[in-house]
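S.K.: Sharing a structure, written as structure tokens. Questions coming.
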Amino acid sequence: MSIKKRFIAGATCPQCKAQDRTVMYHSEGKDYRECIACGFIEARLFDSQPQELETRGNRQEPQRQSEIQVLHFTPNPSKDDSDA
Ligand SMILES: [Zn+2]
């Protein structure tokens, strides 16, 4: 099993402040960021922050709209339904 690591262009290591020495890889539902200069590793959930550095190759978007329709019992047109 091989993990693809790729450099993050312009990223700066929070520990040693080296630039362009940070690689990113994905494993077990998390993103890992690793500095190859000092060995700093940071893990984070693959969630909230969309990254401009990322390619959108394998992006997943859960769709629950059908469930929401079932719960549609309150006639309230003023409710904000603009999905962001
Ligand atoms: Zn570093």
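Each reported figure results from applying straightforward, stated rules to the coordinates on display, with no laboratory input. Note that the coordinates shown come from a computational prediction; the quantities given were computed from them, not determined experimentally.
S.K.: Any chance you could run the full-extension gain for Y32 through K5? It's 0.36 nm times the residue separation minus the Cα-Cα distance, nm to one decimal.
M.R.: Numbers: separation 27, 0.36 × 27 = 9.72 nm, distance 0.93 nm.
Answer, rounded to one decimal: 8.8 nm.
S.K.: While we're here: Report the gain in length on full extension from E42 to Q19: 0.36 nm times residue separation, minus Cα-Cα distance, nm rounded to one decimal.
M.R.: Working: separation 23, 0.36 × 23 = 8.28 nm, distance 1.56 nm.
Taking 0.36 nm per residue and subtracting the Cα distance, the gain is 6.7 nm.
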